[in-house]
1. Going through Lys107, Lys72, Lys113 one at a time, which residue ends up being modelled with pLDDT of 90 or more and basic (Lys, Arg)?
2. Residues that are at pLDDT 90 or above and touching a Gly at 6+ places or on another chain (Cβ under 7 Å), at least 2 per element: which helices (runs of 4 or more DSSP H) completely within the stretch 202-289 meet that?
3. Kindly indicate whether Val83 is surrounded by 11 or more Cβ atoms within 10 Å (Cβ to Cβ) and more than 30 Å from Phe197 (Cβ to Cβ).
4. Could you identify the single residue in Ala136, Ala187 that is assigned to a loop (DSSP other than H, G, I, E, B) and not acidic (Asp, Glu)?
5. Could you check how many residues of the stretch 11-53 are under 23 Å from Met281 (Cα atoms) and among the charged types (D, E, K, R)?
6. Report whether or not Lys4 is at pLDDT below 90 and loosely packed, with under 10 Cβ neighbours inside 10 Å.
7. Could you grab me the full set of residues in the stretch 115-140 that are within 21 Å of Ile183 (Cα to Cα) and exposed (fewer than 12 other Cβ atoms within 10 Å of the Cβ)?
8. Determine which member of the set Phe99, Phe60 is surrounded by 15 or more Cβ atoms within 10 Å (Cβ to Cβ), in contact with a helix residue (DSSP H, G or I) (Cβ under 7 Å, 6 or more places away or on another chain) and either modelled with pLDDT of 90 or more or among the charged types (D, E, K, R) (or both).
Amino acid sequence: MRRKGVNYSRFGYIFTFPFVLAFLIFSLYPILYTAFIGFTDLQGLIPKPLHILDNPFQNFKDLLFDNPSFRKSLINTGLLWIVNFVPQIVLALLLTAWFTNQRLKIKGQGIFKVLLYMPNIITAGTIAVLFSTLFAYPMSPVNSFFEMMGWSDAPINFLQDKTIARGIVAFIQFWMWYGNTMIILIAGVMGINPALFESAAIDGANGIQTFFRITLPSLRTILLFTLITSMVGGLTMFDIPQLFLAGGPDDSTLTTSMFIYGQAFKGSYLYNRAAAASMIMFVISAVLSAFVFYLMRDRDAAKLKKIEKMHRKSAKSNQGGVTHGQ
């Protein structure tokens, strides 16, 4: 008698069930419920029946056109992300090229990597206290240093200057995350076929040529991942601006996440407006992510697929013509 084979595929469904269940309960349902709240009049701490507004998009309209604080938070969020991400990715790429250069053979790479990554594992609260102390007014290490160097005759209130405050927040974000970006890029370089670098060396390519002609193109997927995760993280920036300056001075470091938190859990508890703002940020994140995916697509592969599609259509039309002729 032939023995019946065992179907192991069902075990895959069993193992994935806890994740799917957790995702449905703790991710998908809150997202859908938040989207629904954005179209209602849900406000205040006292529970009351939900009513969809006569104009379902009224909350969204009020935020985009009648709420200067929300528009300011959008601008602040974009500025803070751009100012910290551009130097972050540049420095991370330079460090990656330095650490992975086989010609340099840097000793003690592990120690350097740990030291550069360390700011990422320090809690946001600790960093906020650290920089608050560094730039405190009137007495602080930075003010003392400025006076010692003769750059200032009187203490400077750094944290009350909008530009300086934004710059410090952006620097903190850069300082915390460039090490993480560097580690990801180094991991990506280690996954590149070493034969490519050996061939480049045999052909006489220098370090710069190798980096731009081999390393960067091979890191397309890793760079895409880094850009998307950094962008989403930047758009949801909350901890450092909140703990360091609480959005000040004069809302110059107010981010969209802080605005949403303030609308939902402070003052009049405008849950509907907070939900609408969350959905606006969700749409912005989705659109920007799609744009980045399109921008960093493999153009050669796309062209090849297009040519193959045209060939298939041509072959099908020719086959149809032959059949019709018969």
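1. Numbers: Lys107 fails: modelled with pLDDT of 90 or more; Lys113 fails: modelled with pLDDT of 90 or more.
When all the criteria are applied, what remains is Lys72.
2. Values: elements: 207-210, 220-235, 239-244, 256-265.
Qualifying helices (runs of 4 or more DSSP H): 239-244.
3. Considered against the rule, which asks whether it is surrounded by 11 or more Cβ atoms within 10 Å (Cβ to Cβ) and more than 30 Å from Phe197 (Cβ to Cβ), Val83 comes out as yes.
4. Details: Ala187 fails: assigned to a loop (DSSP other than H, G, I, E, B).
Going through Ala136, Ala187 in turn, just one is assigned to a loop (DSSP other than H, G, I, E, B) and not acidic (Asp, Glu): Ala136.
5. 1
6. Numbers: at pLDDT below 90: yes; loosely packed, with under 10 Cβ neighbours inside 10 Å: yes.
Yes.
7. Listed by number, the residues that qualify are Leu115, Met118, Ile121, Thr123.
8. Working: Phe99 fails: either modelled with pLDDT of 90 or more or among the charged types (D, E, K, R) (or both).
Just one listed residue meets the conditions, Phe60.
The values are calculated or read from the model by the stated rules, or taken from the named source; none is laboratory data. Values in this document were obtained by computation on a predicted structure and should not be read as measured data. Neighbour counts are summed over all protein chains in view; Cβ atoms, including those assigned to glycine, are modelled from backbone coordinates with ideal geometry.
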